Structures are given as C-alpha cells and as structure tokens.
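Everything below concerns the one structure shown next.
The values are calculated or read from the model by the stated rules, or taken from the named source; none is laboratory data. What you are looking at is a predicted structure, and each value in this text was computed from that prediction instead of being measured. Because the Cβ atoms are built from the backbone with ideal geometry, glycine has one as well, and the counts that use them run over all protein chains shown. Areas reflect the complete protein model, heavy atoms only, side chains present, ligands, DNA and RNA absent. Shrake-Rupley method; radii C 1.70, N 1.55, O 1.52, S 1.80 Å.
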Amino acid sequence: MRMPSPRFLIGLVLVLVVCVAAAWVLTRGDGGGTGGGTPEAVTVNCVGGSEKTELMADPDVKRILKDTYGVTVGFNPQGSYDQVQLGTEDLKSRKIDCLWPSSASAQNVFETKHTGAFGEYRAETVLQSPEVVYAGPQGTEALVKAGLVVKRSERYYIVDLKKLLLEYVLKRKTWDSLGAADLHGPITVSSTDPARSNSGFTLTQLELNIIATADVFQAPSLAQAKSVLPTIRALYDAQGLQAASSDAGFRQWLTQGAEFHAPLYAGYENQLIQQVVQMGASSAGVLKNVRILYPDPTIYSDHPILALDAAAGRFIDAMKDRQIQEIAWQKYGFRSSVQVGINDPAVFKDLPLADQIRTTTPPNAEVTLALLACVKDAKECS
C-alpha cells in the first residue's frame, strides 16, 4: 500500500486546524454557550422600562445570562419615550449599550431620530404584554349593565370603549349614574402619566386610534390625529395627577384601594400576574377585588431590546433562551414573542386570562411624536 506523501499529510493537518479554529469561533460567537463553554464575559449597560426591573433582578435570570451566555446586565429603569429621545452623544458618553422600551412605537421613534448613528444597531422584540384596564367588582358590574363590557367564559371585554370615552368620560357622567352606589365621582380611565410612562401612553394611543378613525384596526394618519388631539388632551386632563412609572403606578393603585382609588386603571396584563405570583396564597384578597378588562381591540405593548453594539446584541439572543422566557411568563407575566407554546393561561389557574387577544396597530413615529407633544404641552394640541 502506497503511503501518502509528506506534502499531502501537511496539507491535511492544515485543513483540520482551520476547521477546528472555525468551529471554535462559531461556538464562541453564537451567544448560545453551547459546545464551547461559556462565551467571553461582557457587561451590558441597559436602560429599560420600570416594569422589567424585577425580571432583570431575578437570580435565575441573572445566572442563566451569566453562566450560559457570559452576559451581565446593569439595568436602569427609565420611561420608554424618555429613553428613546436621549441624544446620540449622550448615549455614547454614558456608555449605554442598549435601550429596552415597552413599545414598538418607541422603537420607531428611536430609529427615526438616530438613523445610522450606531453601526452595530439591531433590535428585536423578546417580550409582550397587552394593555388592559383594571377594575373592581362594582365598576365592572355597572359597565356590564350599561352594555360597555361583556363577559365571555369568565373573561371581561370592553366592547365599546369609544362610547365609554366620548359619552361618559368627556361628558363627566358619574358612577352614581351607572348605579355603582359605592363608587363616587366622575367616570375616568386612569393611568400612569403618558408623557413619561409607556403604559399610560399606550392607553392614549388606543384612545387616538378609536376616536380618530372610523376603523379602529387602522392607525390614524397625521391629519386624522391632529383633528382629534384636543379631544385626547381633554381625556388626559380628566385623569388629574398621575404616577410617573408603570411599576409604581400599579402598586399605588392596589395599595390605595384599587377601585375605591380609581374605578378604572389602565396598565399591563403582566402587572397583576406578577403581583399574584409574588403574593402566593395571600393573593386571594387581590383576586377578589380586581377584574381584568380587555379592550376589544387593545394594543400589545411590545418590549423590544434596542442593541446599540455587539455586546447588547448578545443580550438579545440570550433573552430568547427558552428557560428565561418561561421564567418571564410564569413569574412575571410577560408573554413570549419568540417561543411557541409558552403563553399558556392555564399556568395561572385563579386568573381569568384571555388566551387570544384582538389587537390594533399603534400609530407611526410621526403621529406618535405629535401625540407625545400634545400630552406634554396643551399648546401643541391645536
């Protein structure tokens, strides 16, 4: 048998070395931590919505991020529209690697204002939570009798939000007029401050879609939006003093009496889920006094990570990990936008969560900025 020549053997060895090296680079660079040990450690400085604070402080999430993906996250809460309107130089000087707003509209605003500013920019939605309206048993019953809310399979849906806003809120009708004897004062839909917090601003976007268009499933044009901005401002003014952040606002609503503090309060679906999970058996009182009303349709609050550099891009990939996504749903109530089969409402047997939710499209960046200017300054509403 003829032996291979030395030149052939040397070439074969070189090919093998190149293949091994390429495989090592791929396994180290995929952010998946598979086959090549833990990737090189990176620390990501991220600014995000306050409702994700506890998720990012979760010890299991931190462990998976660090041990499997080599990612440590420094998380600092800030309102969605405040963060996406930070200047390019400000972001760079503060060494911010990523933003994590609670809205695809906020992402759109950022991309409009920072086109081409970050060469390694990428964005992806990793979590979702629908906008809901929280109520109590008395307010819910009154709205059902008025035909504004219907009950389907133990779940409540606001089927005529337009009438509620125009015929009841703007006309300053009282809860007494609906027969809710223990609820007093004018009917309003409260929220966090839409000028600072996305849960409040999402309600305002939904109100705009409903009032500005004949088809709620069609986002309004700028001309349509401008024609009803005074009406939107009137709804905003009807709320009075509002909390600055989603997390603090919802906790304040619960601790100050729920429906006796504000009979209708808009927020994220995940906020009640998170509260119930944390309270465990002692959550019975909360469940007794709180109802989830799903606007039909509502707006899904996407939670896109806006990676400004490669390290934050690894954070995006890590957050799509199935185990992290399961923790986000089962402990914090965030629905997955990347993993199939995780968002099973049956996980929360005591909560009547909707398994399918009808949604509408939020407005584009131009309309969003006009709406945001209006809620910040009444002079911008004309």
**Qualifying residue in the range 91-104 (condition: out of contact with any Asp or Glu (no Cβ under 7 Å at 6 or more places or on another chain), without any contact (Cβ under 8 Å) to a residue 12 or more places away in the chain and open to solvent by 10 Å² or more (accessible area, probe 1.4 Å))** = yes
**Complete:** If we keep only residues of the range 52-76 that are polar (S, T, N, Q) and within 30 Å of residue 376 (Cβ to Cβ), then the residue least open to solvent (accessible area, probe 1.4 Å) is 53
**Request:** Please state which of the following conditions residue 79 fails to meet, knowing it meets all the rest: (1) in contact with a Leu (Cβ under 8 Å, 6 or more places away or on another chain); (2) surrounded by 22 or more Cβ atoms within 10 Å (Cβ to Cβ).
**Result:** (1)
**Of all residues in the range 221-243 being out of contact with any Asp or Glu (no Cβ under 6 Å at 6 or more places or on another chain) and outside any helix (DSSP H, G or I), the one that is surrounded by the most Cβ atoms within 10 Å (Cβ to Cβ)** = 243
**Item:** Residue ID - surrounded by the fewest Cβ atoms within 10 Å (Cβ to Cβ), chosen from residues in the range 331-374 that are in contact with a Leu (Cβ under 9 Å, 6 or more places away or on another chain), β-branched (Val, Ile, Thr) and under 26 Å from residue 192 (Cα atoms)
**Value:** 360
**Asked** Failed condition for residue 285, given (1) open to solvent by 10 Å² or more (accessible area, probe 1.4 Å); (2) closer than 22 Å to residue 149 by Cα; (3) out of contact with any Asp or Glu (no Cβ under 8 Å at 6 or more places or on another chain), with all others met?
**Response** (2)
